[in-house]
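The values are calculated or read from the model by the stated rules, or taken from the named source; none is laboratory data. Everything quoted here is computed from the prediction, not taken from an experiment. Please note: Cβ atoms are built from the backbone with ideal geometry, for glycine as well, and neighbour counts cover all protein chains shown.
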Amino acid sequence: MPSWGNILKRIEAGEMEKAPPHVTALNLYAGKLTVLEPGRIRYDWPVDPAYMNPVAVFGGYLATLADQTCSFALMTLLKDDQNFTTSDLQMHFFRPVTSGILACEGHVVNVSKTQAYVEATFTNAEGKLALKARAVERIIPA
């Protein structure tokens, strides 16, 4: 089983040599993890024009970042004999993401033996709310 603490420390240190293929393909670790606390994380993601439609970052890519943000937050609380998968992800877009640094914050609202409820909030470089997401994560015992 994974050691969630070790994975998060490697992410925080920028050591991505063991990242899953989809992480590399989607450039999901372009951001810098700046807060790592039990039940809460934050990373700053530089907006990459490669993921933009003609005017803004594609919503599907932002959903991927939101799923990752929620996952990182949950990983801070999981035991090494637990795994998880996203069973529901809901997105609410408030303004387009076009440039600058996107602050991605995730926090665990509730966790039980079998599932967790996690929220993500993204703010743009001006500090304005760009999107909110919520995920239900199914916790899978070893």
Here are some conditions: (1) of a type in the set (A, V, I, L, M, F, W, C); (2) part of a strand (DSSP E or B); (3) loosely packed, with under 14 Cβ neighbours inside 10 Å. VAL108 meets all but one. Which one does it not meet? (3)
Close pairs from region 118-129: first within 14 Å of THR64 (Cα to Cα), partner crowded, with 17+ Cβ neighbours inside 10 Å and of a type in the set (Asp, Glu), Cβ under 8 Å, at least 6 apart: ALA120/GLU105; THR121/GLU105; PHE122/GLU105
Scan region 88-121 for residues that are of a type in the set (Ser, Thr, Tyr) and closer than 18 Å to GLU137 by Cβ and report the count. 4
Given the criterion aliphatic (A, V, I, L, M), out of contact with any Lys or Arg (no Cβ under 7 Å at 6 or more places or on another chain) and at pLDDT below 95, identify the matching residue among ALA133, ALA142. ALA142
Among the residues of region 116-142, write down those that are buried (at least 17 other Cβ atoms within 10 Å of the Cβ), in a strand (DSSP E or B) and more than 14 Å from the chain's Cα centre (by Cα). ALA116, ALA130, ILE139
